[in-house]
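Quick notes on the structure that follows.
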């Protein structure tokens, strides 16, 4: 299945010159959504993974579904102020500003092997911040997995030495 055909491109969002790759059209298609989740679950079924972490918000949808198939727990990595318990946070630079992500301080145990999932990697800032949070809690990211990579922005390079994987790539921004 060519999942690229199911990903909508919205020009000039969130700002002029950006070609936003929207997976909501992929998620709406039950066969395509199933294909993506099953593909990711099969890829990680033989890896030593203790828990799946997903980055807000589309990483929740994909990561939660993959965690169920792998029979692993799921850890949400959220935007600032969304988690009710004690949290660990990391501030990072975006292409157009700064942001903060958080995780509950007891979400990852020392030595946990974590699969990190999000829909897209662009500049890599959010995923790199999530990796730092996981490592701060004593976990190790076995791989960061994405549906979409925007290789022209070199985001996956910023995740090194953490291995990363993307199902499809789109040129441009």
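The values are calculated or read from the model by the stated rules, or taken from the named source; none is laboratory data. The structure displayed is predicted, hence computed values, not measured ones. Note: ideal-geometry Cβ built from the backbone for every residue, glycine included; neighbour counts use all protein chains shown.
Data table
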{"read-out": "Residue tally, condition more than 18 Å from residue 57 (Cβ to Cβ) and at pLDDT 90 or above, over the range 1-15", "value": "8"}
{"read-out": "Within the range 30-63, tally of residues that are without any contact (Cβ under 8 Å) to a residue 12 or more places away in the chain and either within 13 Å of the chain's Cα centre (by Cα) or closer than 23 Å to residue 92 by Cα (or both)", "value": "1"}
{"read-out": "Single match in 111, 172, 138, 125 (criterion: farther than 20 Å from residue 98 by Cβ, surrounded by fewer than 20 Cβ atoms within 10 Å (Cβ to Cβ) and at pLDDT below 95)", "value": "172"}
{"read-out": "Test: residue in the range 94-107 that is touching a residue at least 24 places away in the same chain (Cβ under 8 Å), surrounded by 23 or more Cβ atoms within 10 Å (Cβ to Cβ) and in a helix (DSSP H, G or I)", "value": "no"}
{"read-out": "Cβ-Cβ under 7 Å pairs, at least 6 apart or on other chains, the range 125-141 side in contact (Cβ under 8 Å) with a residue 12 or more places away in the chain, far side in a helix (DSSP H, G or I) and surrounded by fewer than 21 Cβ atoms within 10 Å (Cβ to Cβ)", "value": "127/159; 128/158; 128/159; 131/159"}
{"read-out": "Residue check for residue 88: more than 17 Å from the chain's Cα centre (by Cα) and in a strand (DSSP E or B)", "value": "yes"}
{"read-out": "In the range 11-29, the residues that are in contact (Cβ under 8 Å) with a residue 24 or more places away in the chain, farther than 19 Å from residue 169 by Cβ and in contact with a strand residue (DSSP E or B) (Cβ under 6 Å, 6 or more places away or on another chain)", "value": "none"}
{"read-out": "Among residues of the range 94-115, those that are in contact with a helix residue (DSSP H, G or I) (Cβ under 6 Å, 6 or more places away or on another chain) and under 30 Å from residue 15 (Cα atoms), counted", "value": "3"}
